[in-house]
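These notes are about the structure you will find just below.
The values are calculated or read from the model by the stated rules, or taken from the named source; none is laboratory data. Worth saying up front: this structure is predicted, and the values here are computed from it rather than measured. Glycine gets a Cβ as well: all are built from the backbone with ideal geometry, and neighbour counts include every protein chain shown. Calculation scope for accessible area: heavy atoms of the full protein, side chains included, ligands and nucleic acids excluded. Shrake-Rupley method; radii C 1.70, N 1.55, O 1.52, S 1.80 Å.
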Amino acid sequence: MKKFFDDIKKDMKFKSAGPGKKLTEETSAKPEVVQSSSNAKQNRHAPSEGAQRAGAAALARIEHQQKPRVHTSQDAIRNQGETQNPVLFTVGSKVPVRDPACLSVSGVYFTCPLTGATLTKSEREVHIKEAILMRFEEDAIEASVMMIYTFNKDREKVKAAVDIISKYVENICKNPTEEKYRKIKLSNKVFQEKVRSAEGSREFLQALGFISVMLPVEGQEEEEEFLVLPEQSPDALELMKERRDRLQRGEPVRAQLDRQPQAFRPSPNAQRFELPQEFYNLSAEELKREQQQRSDLVEKNAMLRTKAMREREEQRERRKYNYTLVRVRLPDGNLLQGTFYAWDRLPVVFGFVRESLVDGWQPFELVAPGGQKLQEDEEVALAECNLVPAALLTFAWDAAVQADIAAAGGKSPALLKPELLETIRTLS
């Protein structure tokens, strides 16, 4: 078993990064690995026998699975390039783009917060599940909590399981010598409906120290399976409370959208966007049909539609997009590009730009097409601002602040960080 995990770890190429370290991906660099909260904690309790048994039980589930492999964005791009005749679209154009080399962005990618792997949308779920199961060897409590919140999509089911398990722990801590509170009959209706149905719940109980035992049942000839917790010391009971709290604070593990920050030199093609189909909710054929229909009807209906009708149509249009590609034209003409969810809020875009600047602390403005000045503190989705599926924004430093700096003999602030300028490209 140990050799198996050594091989898996070597294959997945685990790395660690400091707490809070931002995951970014340059075109020539692999993403860094974010250190989990468990790795950052000090004075970690050694795994109990129960935790080890829970880990062994969960790990048995993946012994026959293929070992996970960490994919880089280059792998994903290479795989996409091998797809025959991908149908891709230019924003505002009726003509499909079939050459991946002409794309504004190669695709939509995600970063696993546990391993740092760069993943395509189809790879996310399987990779994260495997990464969670791999953590049982290190911390069975944390891994089982991740299982409960990540593997079960029904939030109500999760809440019900967490509430029942918390009640088990509360009863044990209040009545530590009462054996009945330390025995869970697996055929019990509440356990079957509320706990067993939630994947990861049994693993959590085993990590607490519960063991599976066949016991006789009064009035029955055959024995039944119980989960039994040995009597606990006062210190062990306090540890159980702490682990219950960790369960109650659990959160699902979600792959993070890789914004793929990229700088471009000044270009007359700044407003030209050629997007892969991942940006759309529609299939390629549906999208072509929609584009043709809009083109045929736009002039005919322009004078007939009321304002309410136009607004409803715009809302329907915005729902067709999953992601949006945003470019920001800087004062020196260079461009900054990033990928966002269509429902990301304006402060997310401002934060992305700020993190890309040398002097991001200084106030600045972003202006949308048509001269609309965007507000950093306005919690409005990009789709609601008509910034989907792509948009070119104009950046400007706050004029009053720049005037004060100039009056004091200061220089104009630097723009993009050196690491972005090192990989600056030319738009094709």
All but one of (1) closer than 15 Å to residue 166 by Cα; (2) open to solvent by less than 30 Å² (accessible area, probe 1.4 Å) hold for residue 183; state the number of the condition that does not hold. (2)
Report every pair of residues separated by at least 6 positions or lying on different chains whose Cβ atoms are under 6 Å apart, first residue within the stretch 354-375 and farther than 19 Å from residue 270 by Cα and in a strand (DSSP E or B), second modelled with pLDDT under 90 and of a type in the set (Val, Ile, Thr). none
Can you find even one residue in the stretch 319-328 that is modelled with pLDDT of 95 or more, under 26 Å from the mean Cα position of the chain (by Cα) and open to solvent by 80 Å² or more (accessible area, probe 1.4 Å)? no
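Any residue at all in the stretch 119-130 that's over 20 Å from residue 256 (Cβ atoms) and open to solvent by less than 70 Å² (accessible area, probe 1.4 Å)?
First, the residues of the stretch 119-130 that are over 20 Å from residue 256 (Cβ atoms): none.
The answer is no, given that none of the residues of the stretch 119-130 is over 20 Å from residue 256 (Cβ atoms) and open to solvent by less than 70 Å² (accessible area, probe 1.4 Å).
If the requirement is being part of a helix (DSSP H, G or I), open to solvent by less than 90 Å² (accessible area, probe 1.4 Å), modelled with pLDDT under 95 and not basic (Lys, Arg), which of these qualifies: 190, 217?
Values: 217 fails: part of a helix (DSSP H, G or I).
Answer to the selection: 190.
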